[in-house]
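Down below is the structure, laid out as C-alpha cells.
What follows draws every value from the coordinates through simple rules; no lab data is involved. Quick caveat, the model's predicted, so the values are computed rather than measured. We place every Cβ from the backbone using ideal geometry, glycine too, and count neighbours over all the protein chains shown.
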Ligand SMILES: CC(C)(COP(=O)(O)OP(=O)(O)OC[C@H]1O[C@@H](n2cnc3c(N)ncnc32)[C@H](O)[C@@H]1OP(=O)(O)O)[C@@H](O)C(=O)NCCC(=O)NCCS
C-alpha cells in the first residue's frame, strides 16, 4: 500500500464520497442518522473547501472546512471571525490507522493557516478514535455541552469542543 493522496474534493467525487460515508455509517454510526441527502450533508452551509484522501479510484477519507457558528465559537472562547470548523471528517474502515485522517487534518490546517484562521471542531463523546486523534495532535478540549439528539446507543449526545494548537500544523 502506498501513501494515499490528499487533494481538493471535486464535484464528481461526491458520489464516491457518499458511498464511502455509507460504509462509515454502517460501522461507526457516523453520522448517527443517515441523512436524507448525504451529498448535501457532505457539503454543509458555509463550507469553504473539502478534501479527499484517494488511492487509485478509491476514496479513503474526507474532511470539510466550514465557517464557525457563534455557538461553537463561544464554546471555544474565541471570536468566530478568526475561526474555521473541521467537519465531516472520516476515514473508511479498511483504511484506518494509516494516517488518512491525520493527513486530511493537516491539509485543512494548512488551508486555514493561509487565511489566518484557527481550527475548532465538535466531536460527540462516543467518537473515541477521533478524540484520540485530536488529543494526540495537540488539540485542546475547551468545553462540553449537551446535544439535541439521542445517540445510537441511547444516550443524550455530548458534544466536546476542541481547539487546534495556535500557529502549528495539527
Ligand atoms: C476518527 C477517524 C477519522 C480516524 O481516522 P484514521 O485515518 O484511522 O486516523 P489516523 O490513522 O490518521 O490516526 C492518527 C492517530 O490518531 C489516533 N487514533 C486514531 N484512531 C484511533 C483509535 N481507534 N484508537 C486510538 N487512537 C486512535 C492515534 O494516535 C493515531 O496514530 P497511530 O495510528 O500512529 O497510533 C476514523 O476512526 C473515523 O472515520 N471514525 C468514524 C468517523 C468519526 O468519528 N469522525 C470524526 C467526527 S468528529
* Pull out a ≥ b ≥ c, the square roots of the eigenvalues of the alpha-carbon gyration tensor of the stretch 31-170, then state rounded if a/c is under 1.5, prolate if not and a/b is larger than b/c, and oblate in the remaining case. => rounded
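Pairs of Cα atoms under 8 Å, at least six residues apart: use those to get the relative contact order of the stretch 6-114, whole percent. Mind showing how you got there, number by number?
Working: 150 pairs, mean separation 30.0, N = 109.
Reported relative contact order: 27 percent.
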* To do: Arrange the following residues from fewest to most other Cβ atoms within 10 Å of their Cβ: 41, 34.
  => 34, 41
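Sorted by mean Cβ packing within 10 Å, highest first, what order do the peptides 43-49, 69-75 take?
Details: 43-49: 14.0, 69-75: 16.3.
Final packing ranking: 69-75, 43-49.
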